[in-house]
Amino acid sequence: MTTAAPTKPPARPATGPSESYVVTAPRKGSFPLVARRRAAPIVVSSTDHAGVHRVAGDLATDIERVTGQRPELLRDTVPRGATPVIVGTLGLSPLIDALVADGTLDVTGIAGSWETSLQQVVRDPLPGVRQALVIAGSDQRGTIFGAYDVSRRIGVSPWHWWDDVPARRSAELHVLPGRHTQGTPAVKYRGLFINDENPALGTWAPRHFGPGKAPGHPGGLTSDFYARVFETMLRLKANYLWPAVWGRAFAEDDPANQARATEYGVIMGTSHEAPMARGIEEWNRHAVPAVRDADGTVVTPGHDPYGGTGEWSYRRNAEAIRAYWRDGLERMVDEGSESVVTIGMRGNGDVSLPDGDGIDLMREIIDNERRIIAETTGRDPADTPQVWTLYKEVQRYWDKGLRAPDDVTVVFTDDNWGNLRRLPDPTLAPRAGGYGLYYHFDYVGGGRNYKWVDTVNLANTWEQLSTAYEAGVDRLWVVNVGDLKNEELPTQFFLDYAWDPDAWPVSRLPEWERRYAAENFGPAHAGEIAEVLNTYGRLQSRRKPELLNRRITTAADGTITYDDQQTPFSLEHYGEMARVTDEWRDLAARAERVRRRLPDSHQDAYHQLVGYAVAATANLYALRQAEFTNLRYVEQGRAAANDQADLTDRLFAVDQSMSHYYNTALAGGKWNGFQTQPKIGYGDVERYGPNAPWQQPERDNVALPDEVFPAVRRIEVPPGSEMGVAIDGSARWWPQASSAAVLPEFSRYQTQPGQYLEVFNRGSDPFAYRVEATRPWVVATPARGVVDKQVRVEVRVDWRRAPDGVSRVPLRVHGAGRVVEVLAVVDNTPGRRGFVEANGYVSMDAAHADRVVGDWTRIPGIGRDSDGMRGNSGRLEFEVDLTSGGPVTVWVHVSPRNAVLTDGLRYAVSFDSAPARTVEVIRGADDTTMNREWERNTSDNVNRTATGHVVGPGRHVLTVWAVDPGVVVQKVVVDTGGLEVSYLGPPESARR
């Protein structure tokens, strides 16, 4: 690999990402790819790469998928009178080189570039040939990408096999005249990490592809499996793969794996824990344990040529480890594979080194690896592409000043939850090896595994990728996609953005989503599907589905505690649990309406790319709502408690039924095993052991209701009737509670849901009830009736008749021989302006600031409930109107970012002209301990910090300042004494 990628890509070509050079009817000068039931033959040179010959076959198959007409595949010779498609690589295809030599084909900007293609209709290219379509590449992958680009333009999705997306049928295909190119990729190496592949991929692959070639080890991840991965990658213009590692050995599980990668033209690498072209699983398979005496001396060393004593310790076993590495490099050279070599070293099992993190030791390790590379390849080590990945504890070496040799690509990482940890200091001199990025869409580890369905917010991903690219990280990008399936949308965006970041500013994200939907389902419903996917990403990113039974709280002294038997969403405050569940229910209904309008041919694809994840997550939210409502009702002795337990069981059965359909009926059973990933039983320490707080349970794929954790409870409902009253905004019930029952304040300036009270039965016999309001402009509905188990009574204010000022209106609830008084506080104070306080708080979305001063970017949908504002400098100003003076607390919700360029990440808050109070959001970027503060912020997908102020009543200007670049502000909440505990915070206050 002697051709380097440019630092920045060339200008976007004339054929933009929303246009197509392939049409379904002839136009002046167009090329008939398929016309009058005849397909143009495809011609390749016998001297070209194997990958080019293979992709020519794929192109022929794709044309047949679309039109029903299969092109003839020819080698070297173009028949007279034909109108051929000539596919070839510059310098390896005499057909292409001849066109360049005689001036027929202009390859300016293509020749000598990295992975660049050209599609051009040429006239009279050869004797007796009137017209041809040329697909020329600067190198092997340039040609491959060019051919696959034609496939996409004619209507074949990159996910045609992986998600059963049907081709868009057309009788004819014509290529427009002109010079069409997708440009040169901005990021040189762009790839995927197949990882965390159990149980789904590890269950499905052996069933679909059979046993592996390594006796006694998992099958399925064979060369036939990787061929499907490679094809999908190349259709997406990826060129680089880290293969699966957990119990997997790429080279041993099927010795044909590397040959298949070479055949396809895919560059192979290994993950951050697998140096020198071989994974740790090979070591574990071959290592022979050492036997030591009491003082630790080896008395029976192992004899395996790879394993030595079996210790993965460079201090104690360097000779064996060097031999192991040398063998891996020799194998790479012998196979002639195109590879990027990982250097450095981590501990066995994706952990830190057992030898400590001394810089001198790591420098010695890297020096010895480089020596092995030079000796094995016979070349300067700088001629072999290498990466050093600063994952978890490895970043400490960089932060302490250790630098890899200049030709090595230094790969920065996220924190496993999509937040960058560090970026290169702009004052550093440029590196010949440049910088890379390792990112996550799937993860095993603290605060909890997330592996089930796509939980990526595209706006959040864009913000972090754009930040990395602008910082000069453009040599290598790789993303952990888990099993790949269920991460299709973010994977495609990641690769599209890596190819051409300038083509996709934040303003064009909706267009990207529409294009993705149209590519897979056609244009007719693309807008609706894109809106479903956009809403899905925003709702899903609020919290991973695996975390819906964990509440994380922070005490006044800063102590952070977990409770895996509580919902993070409030059952009582701001209607939060009901609201988020209803949003999911509404989204599922929208997705279902779209599904019904799609043809039968698209049903399987829609289920995989849209329908299942939406419906199953909506069902899971409904299940959690029923589960935690049941536990609340049990505490209150409600007769309806058992109904919620039964509902939980039914919803669990629905979940299992959806998994069963996916595994047995979808696409004729093709994906059997892909819905075996647990997501409901997390946190059951008693059943699953001490790792349960983050590690996955193993059994919620079995249809047993007790897999729901915490378990629902049932009560014996006594005979007779006993009235209880519960109110909006409280977990207590009356008359059992000793305090007064006071509804949340009614205010015309408030936007939270309407208040209510619930009249419930603690017995089995129905009773009559009635609600008396002591003022006619306070209305209860229904004001009377019969309670079998419970009745919800909505309470509203007729603002046209309510008096000015603050009123206190009692409501008396009668039933089963009891009377409970509930107080309604009504604030109808006129003349308020700005964001108005009500119910003891002011809540404001950052994007709704009254004034934006300085360098801020609005990022639609990045917040858990709304848009966000990314600030590099300047301020956001909010006009607020407070009802009373005194101490207030200002809570600022920011995205859980790390300090990527500085020692900290700070913002500041001020009222009016008072001095600003600066807040340290996070100190440094070394979160390698994965501490509880980090787990809270990433699990909640927000970092909430507070400042205290003293202000008087009336109107004020509240200002949020960007002290350090990169702060993404989502919401600002002023607590004047009435803010209640909730996950998302209160809904936005009215703005007058």
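Each residue of region 948-962 is assigned a 3J(HN,Hα), and the resulting list reads x, 9, 10, 9, x, x, x, 8, 9, 10, 9, 10, 10, 9, 8 Hz, derived from the Karplus form 6.51 cos²θ - 1.76 cosθ + 1.60 (θ = phi - 60°), x at Gly and Pro.
Considering only 214, 962, 573, and ranking their Cα positions along the charge dipole of the chain that arises from unit charges at the beta-carbon of Lys, Arg, Asp and Glu, the one farthest toward the positive end is 573. Stokes-Einstein diffusion for region 623-779, with the hydrodynamic radius set to the Kirkwood value over Cα pairs and evaluated at 4 °C in a medium of 1.567 mPa s, equals 68 µm²/s. Helix 509-521: angle to the longest alpha-carbon principal axis of the chain, degrees 0 to 90, nearest 10? In the chain, helix 509-521 runs at an angle near 70 degrees to the longest axis.
Taking the fewest neighbouring Cβ atoms within 10 Å as the starting point, the ordered list for 660, 440 is 660, 440. Region 545-707 has equivalent-ellipsoid semi-axes of 30, 20, 16 Å, by the square roots of 5 times the alpha carbon gyration tensor eigenvalues, sorted largest first. Give me log10 I(q)/I(0) at q = 0.12, 0.15 Å⁻¹ for region 159-242, Debye formula, one equal scatterer per alpha-carbon, no solvent. With one equal scatterer per Cα and no solvent, log10 I(q)/I(0) is -0.55, -0.76. Amide H contacts of residue 85 (H built 1.01 Å from N, in plane; Pro and chain starts excluded): 42, 43, 133 sit under 5 Å, all sequence-distant by 5 or more or on other chains.
Computed from the Kirkwood radius of its Cα pairs, the Stokes-Einstein diffusion coefficient for region 124-174 at 37 °C and 0.692 mPa s stands at 252 µm²/s.
With the gyration tensor restricted to C-alpha atoms of region 22-180, the semi-axes of the equivalent ellipsoid amount to 22, 18, 14 Å, longest first. Nearest 5 is fine: what % of DSSP beta bridges in region 22-180 come out antiparallel, could you say? Antiparallel bridges make up about 65 percent of those DSSP assigns within region 22-180. Within a straight-line Cα-Cα reach of under 27 Å, residue 679 can be paired with the following lysines, leaving aside sequence neighbours fewer than 8 residues apart in one chain: 392, 451, 485, 544, 670.
Looking at region 565-672, which chymotrypsin sites (Phe, Trp or Tyr not before Pro) are in a loop (DSSP not H, G, I, E or B) and have at most 15 other Cβ atoms within 10 Å?
Here no loop site has a sparse enough neighbourhood.
Scaled to the globular estimate 2.2 N^0.38 Å, the Cα spread of region 351-477, given as radius of gyration, is 1.17. Extension gain for residue 855 to residue 511 (0.36 nm times residue separation, less C-alpha to C-alpha distance): 121.4 nm. Sorting 843-850, 910-917, 344-351 by average packing, meaning the other beta carbons within 10 Å per residue, from highest down gives 843-850, 344-351, 910-917. Around the amide H of residue 922, modelled in the peptide plane, lie the amide H atoms of 905, all under 5 Å away and 5 or more residues distant in sequence or on another chain. Put simply, region 189-504 fits an ellipsoid with semi-axes of 29, 25, 19 Å; these come from the alpha carbon gyration tensor as the roots of five times its eigenvalues, largest first.
Residue-normalised convex hull volume from the C-alpha trace of region 723-828: 90 Å³ per residue. From its DSSP helices (H runs of at least four residues, each -39,500 (n - 2.57)), the chain gives a residue-normalised ellipticity at 222 nm of -8500 deg cm²/dmol. Karplus-based coupling profile of region 759-776, in residue order and whole Hz: 9, 10, 9, 9, x, 9, 9, x, 8, 8, 9, 8, 10, 10, 9, 7, 10, x, with θ = phi - 60° in 6.51 cos²θ - 1.76 cosθ + 1.60 and x standing for Gly or Pro. Here the convex hull built on the C-alpha positions of region 593-687 has a volume of 115 cubic angstrom per residue.
Taking each residue as 0.36 nm, the span from residue 61 to residue 665 lengthens on full extension beyond its C-alpha to C-alpha distance by 214.8 nm.
DSSP beta bridges confined to the chain are antiparallel in about 75 percent of cases. Using only side-chain charges placed at the Cβ, +1 for Lys and Arg and -1 for Asp and Glu, the dipole size of region 845-992 relative to its Cα centre rounds to 140 debye.
Here the chain is assigned +1 on the Cβ of each Lys and Arg and -1 on the Cβ of each Asp and Glu. Its dipole about the Cα centre then comes out at about 2800 debye.
Treating each Cα of region 835-975 as an identical point scatterer and summing with the Debye formula, the log10 of I(q)/I(0) at q = 0.12, 0.15 Å⁻¹ comes to -0.45, -0.71.
Using bins of 10 Å that start at zero, the share of Cα-Cα pairs per bin across the chain amounts to 2, 10, 18, 21, 20, 14, 9, 5, 2, 0, 0, in whole %. Backbone geometry of region 316-327 corresponds, through the Karplus equation with coefficients 6.51, -1.76 and 1.60 at θ = phi - 60°, to 3J(HN,Hα) couplings of 9, 8, 4, 4, 5, 5, 5, 5, 4, 5, 4, 4 Hz, x marking Gly and Pro.
Stretched out straight at 0.36 nm per residue, the stretch from residue 70 to residue 37 would grow longer than its current Cα-Cα span by 10.9 nm.
Normalised by 2.2 N^0.38 Å, with N the number of residues, the alpha-carbon radius of gyration of region 708-764 equals 1.48. Axis of helix 458-470 versus longest Cα principal axis of the chain: the two differ by about 50°, to the nearest ten degrees. Each peptide in 724-736, 707-719 gets a packing score, the mean of other Cβ atoms within 10 Å over its residues, and the list from highest to lowest is 724-736, 707-719.
The spread of Cα positions in region 306-361, taken along each principal axis and listed from longest to shortest, comes to 35, 23, 22 Å. If you wrap the Cα atoms of region 780-819 in a convex hull and average its projected area over all directions, you get 3.7 nm². Close amide H pairs (under 5 Å, H built 1.01 Å from N) link residue 954 with 882, 883, 884, residues at least 5 positions away or on another chain.
Read-outs: derived from the displayed coordinates by stated rules, not from any lab. Owing to the predicted nature of the structure, the values given are computational and were not obtained by experimental measurement. Because the Cβ atoms are built from the backbone with ideal geometry, glycine has one as well, and the counts that use them run over all protein chains shown.
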